[in-house]
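First comes the structure, then the notes that go with it.
Every read-out reported here was derived from the displayed coordinates using simple, explicitly stated rules and does not represent laboratory data. Computed from a predicted structure; not experimentally measured. Here the Cβ is made from the backbone with ideal geometry for all residues, glycine too, and neighbour counts use every protein chain on show.
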């Protein structure tokens with residue numbers, strides 16, 4: 001891509017698209033991932049391509065939930081690895097979380113490429129690539145049913161950026177608390193998760209890292225109060241109203 005002026009109205013969007021194209025060339029992203037990004041970008045337009053107050057509240061709750069978890073795990077797919085690998089690794093360190101590769105369109109080659117990208121950005125351990133630790137979620141009917149027994153299988157809290165709804169529902173049935181990043185507040189993922197950040201992942205992850213670092217210096221009592229006072233359904237309704245109001249303008 002040629003140099004784009006930062007004053008260009010689509011500068012950030014073009015930068016993100018180019019990252020995904022590079023991720024596709026590197027074997028991280030599949031064509032379906034490019035299509036999924038385009039769908040999410042449409043919702044981001046309605047949000048004004050900015051982090052809303054509702055998203056900030058959800059991010060605060062997500063950070064608190066990760067910090068209180070005994071076995072937090074961050075699930076990573078190709079788009080996530082292409083767009084925010086360094087922030088995934090940074091968040092894992094702050095929250096003492098494990099990182100697991102989990103793909104809708106899976107292959108050993110893609111898993112290895114994603115793990116390599118994460119390690120290049122500082123990850124010491126990446127789960128989800130070794131068959132001997134693999135198990136399955138029966139209720140999920142895609143490659144995402146495969147999880148690592150040492151990772152998502154043992155997790156109490158799972159962060160699922162750019163997720164599909166059936167696995168979110170299945171994780172909930174297994175007794176896990178789910179944190180989602182999803183630009184569509186009406187999706188099954190958004191509605192079934194315990195905490196949903198309706199935000200673009202390139203904004204959500206840096207903010208989540210920042211919030212987690214700040215909250216990690218506080219008390220567990222404060223973290224519990226943040227989670228107790230957060231209502232995901234009410235927050236999603238407020239987000240939806242905001243989007244409707246923007247469409248009316």
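Descriptive notes on the structure:
- Residue exposure sequence - 187, 75 - by fewest surrounding Cβ within 10 Å: 187, 75
- As a calculated quantity, the FRET efficiency between residue 49 and residue 131 at R0 = 41 Å, using C-beta atoms, amounts to about 0.50.
- Bins of 5 Å from zero: percent of alpha-carbon pairs in the stretch 53-248: 1, 8, 17, 22, 21, 16, 9, 4, 1, 0, 0
- Fraction of antiparallel bridges per DSSP, the chain only, in percent to nearest 5: 15
- Working note: 222 nm ellipticity from helices only, DSSP H runs with n ≥ 4, each -39,500 (n - 2.57), summed and divided by the residues of the chain, gives -16500 deg cm²/dmol to the nearest 500.
- A straight chain from residue 41 to residue 173 at 0.36 nm per residue would run longer than the Cα-Cα distance by 44.5 nm.
- Tensor-based shape of the stretch 187-229 (alpha-carbon gyration tensor, a/c under 1.5 rounded, otherwise prolate or oblate): oblate
- Gain in span if fully extended, residue 214 to residue 105, counting 0.36 nm per residue against the direct Cα distance: 35.6 nm
- Length gained on full extension, residue 184 to residue 112, computed as 0.36 nm times the residue gap minus the Cα-Cα distance: 23.0 nm.
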